[in-house]
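Please treat every number below as a calculation from the coordinates, not as lab data. Computed from a prediction, not measured in an experiment: that's the story for all the values here. Note that we place each Cβ from the backbone using ideal geometry, even for glycine, and neighbour counts take in every protein chain shown.
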Amino acid sequence: MPNAEKVSAVAEIAERFNSSSAAVITEYRGLSVKQVTQLRRALGRDTTYAVVKNTLTRRAAAEAGVALDESLLVGPTAIAFISGDPVDAARGLRDFARTNPLLVIKGGVLDGRSLSAAEVARIADLESREVLLAKLAGALKALPTRAAGLFQAPLSQMARLAAALQEKKSAGAASDGPASVADNPDAENVAASQDEAEIAAQPAE
């Protein structure tokens, strides 16, 4: 590939990394053109499934400031660049791989952090962003003015905060009165999670 084409390809891949909320790296060795087409259709409009060259992808990831584990870039590589809900895309890849085992999910990137294949699988098992938002809205009824800011929070943060707030809510309902940190060793951590939720909900300056 001429140098000009390489520069253009690196720039395109870097732009895809920058404009995506997440990316999942796969190996597609043995898949037919028809199967790859079926996968692209299954992933929908919010995910672009692109076959890439490993050497160019390494350069593009570095240019985009993406913490990509280079061990993932071995063998025939295709990347699912996700602009929509990472849960939906991860679930689509997982379900396709179950019926087409030649597709191997190797890992990815979410919120700027490198993911292993096992972590991608756990994301596929999460509830969708819409469900998490609904749970957060319910958990934050006592903080209505702060809830809106969390609607823009990363998926991983929303899942963590929803669980922490729900745990605190359940603990409060089971108690006859305010529980102290001494009475409940986990209270301090749950309180900290609520503080984190409040801070995350503050509008950016």
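In this rough spin-label picture, where each label sits 7 Å from Cα along the Cβ direction, the Arg40-Thr55 distance is 2.5 nm. Spin-label pair Asn100-Ser83: with each label point 7 Å from Cα along the Cα-Cβ axis, the two points sit 2.2 nm from one another.
Based only on other Cβ atoms within 10 Å, what is the fewest-to-most ordering of Asp69, Asp95?
Values: Asp69 15, Asp95 12.
Listed from fewest to most nearby Cβ atoms, that is Asp95, Asp69.
Take the convex hull of the alpha carbons in the stretch 3-124; its mean projected area over all directions comes to 6.7 nm². Between Ala4 and Glu119, the distance separating the two model label sites (each 7 Å from Cα on the Cα→Cβ line) works out to 4.0 nm.
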